[in-house]
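The values are calculated or read from the model by the stated rules, or taken from the named source; none is laboratory data. Predicted model, so just to flag it, every value in this text is computed and none were measured. Reconstructed Cβ throughout: ideal geometry from the backbone, glycine too, with neighbour counts over all protein chains shown. Quick note on the areas: whole protein, heavy atoms, side chains included, nothing else; ligands and nucleic acids left out. Shrake-Rupley method; radii C 1.70, N 1.55, O 1.52, S 1.80 Å.
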Amino acid sequence: MSQTVVLVRHGEAKGKKLGQTDFERELTKKGAKALEKAFPQTFARLSPTQKSELWVSTAVRARQTAQIANKTLGIETVRELPFLYDQDDRAFMDELAQSQGHADLIVVVGHIPFMEDACFLLTQAYQGFSTGAAAAVQLDDNLHGKLLWFEQGPCA
């Protein structure tokens, strides 16, 4: 069974305030609006099914981005995965391997450099991800990927 993985970088985030952690940073209003406008077109090429999953970093800005994406996608299975915030490529690849045969589409919302690194791990091709960028990768059973499309994120 082939599987499509869509790697998405979170939208434009606010700067860190005094006493605030990086984890707590939110999307800017402008960034959220840009995603709301761009994501319907970005994700129009996808056809989520009951076997689709949305994986999201536990950071606030990534969860907000995932919520905006899911307004278009309507994926029921949403999983917050700490390894996406931790940028643990081994845990990511292990989770992908375990999902083979269970999920036909996985949309992953995370951060850079991890989204760029994951794209390279899967396709052996480098893509620079601006905020809100998305790359769709078709995986075979051995987790070897082919880049289907890449869309640079919206200007916020």
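Select, from ALA125, ALA136, the only residue that is crowded, with 20+ Cβ neighbours inside 10 Å, out of contact with any helix residue (DSSP H, G or I) (no Cβ under 6 Å at 6 or more places or on another chain) and not in a helix (DSSP H, G or I). Can you show your working first?
On the way: ALA125 fails: crowded, with 20+ Cβ neighbours inside 10 Å.
Of ALA125, ALA136, the one residue that is crowded, with 20+ Cβ neighbours inside 10 Å, out of contact with any helix residue (DSSP H, G or I) (no Cβ under 6 Å at 6 or more places or on another chain) and not in a helix (DSSP H, G or I) is ALA136.
Test of understanding: among LYS71, LYS37, LYS17, which residue is outside any strand (DSSP E or B), in contact (Cβ under 8 Å) with a residue 60 or more places away in the chain and not acidic (Asp, Glu)?
Values: LYS71 fails: in contact (Cβ under 8 Å) with a residue 60 or more places away in the chain; LYS17 fails: in contact (Cβ under 8 Å) with a residue 60 or more places away in the chain.
Only one candidate qualifies: LYS37.
Can you find, within region 104-122, the residue that is farthest from the chain's Cα centre (by Cα) among those that are open to solvent by 10 Å² or more (accessible area, probe 1.4 Å) and closer than 15 Å to LEU84 by Cα?
LEU121
With the condition kept exactly as written, say whether any residue in region 47-54 is assigned to a strand (DSSP E or B) and either of a type outside the set (S, T, N, Q) or modelled with pLDDT under 95 (or both).
Checking region 47-54: at least one residue is assigned to a strand (DSSP E or B) and either of a type outside the set (S, T, N, Q) or modelled with pLDDT under 95 (or both).
So which residues in region 3-16 are under 24 Å from PHE39 (Cβ atoms) and either touching a Lys or Arg at 6+ places or on another chain (Cβ under 8 Å) or open to solvent by 70 Å² or more (accessible area, probe 1.4 Å) (or both), if there are any at all? Let's see the steps before the verdict.
Filtering region 3-16 for residues under 24 Å from PHE39 (Cβ atoms) gives 3-15.
Within region 3-16, HIS10, GLY11, GLU12, ALA13, LYS14, GLY15 meet the criteria.
Results for (1) open to solvent by 80 Å² or more (accessible area, probe 1.4 Å); (2) touching a strand residue (DSSP E or B) at 6+ places or on another chain (Cβ under 8 Å), shown as yes or no for each residue.
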{"position": "LEU18", "(1), (2)": "yes, no"}
{"position": "PHE23", "(1), (2)": "no, no"}
{"position": "LYS29", "(1), (2)": "yes, no"}
{"position": "ALA34", "(1), (2)": "no, no"}
{"position": "GLN41", "(1), (2)": "yes, no"}
{"position": "LYS51", "(1), (2)": "yes, yes"}
{"position": "GLU80", "(1), (2)": "yes, yes"}
{"position": "HIS102", "(1), (2)": "yes, no"}
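Step by step: first the residues of region 82-98, then only those that are outside any loop (DSSP other than H, G, I, E, B) and closer than 28 Å to LYS30 by Cα, then the one that is least open to solvent (accessible area, probe 1.4 Å). Which residue is that? Show your work before the answer.
Applying the first criterion (outside any loop (DSSP other than H, G, I, E, B)) to region 82-98 yields 82-86, 89-98.
Next, from what is left, pick out any that are closer than 28 Å to LYS30 by Cα: 82-86.
On the way: PRO82: 73, PHE83: 27, LEU84: 0, TYR85: 63, ASP86: 109 Å².
Out of the qualifying residues, it is LEU84.
Can you tell me which of GLN98, GLN87 is farther than 20 Å from PHE39 by Cβ and either over 16 Å from the mean Cα position of the chain (by Cα) or small (Gly, Ala, Ser) (or both)? Break it down into steps so the answer makes sense when it comes.
Working: GLN87 fails: either over 16 Å from the mean Cα position of the chain (by Cα) or small (Gly, Ala, Ser) (or both).
Just one listed residue meets the conditions, GLN98.
In region 123-140, which residue that is over 10 Å from HIS10 (Cα atoms) and among the β-branched types (Val, Ile, Thr) is nearest to the chain's Cα centre (by Cα)?
Among those residues, the one meeting the criterion is VAL137.
Consider VAL5 against the criteria (1) assigned to a helix (DSSP H, G or I); (2) in contact (Cβ under 8 Å) with a residue 24 or more places away in the chain: it satisfies all of them except one. Which criterion is unmet?
So VAL5 meets the others, but not (1).
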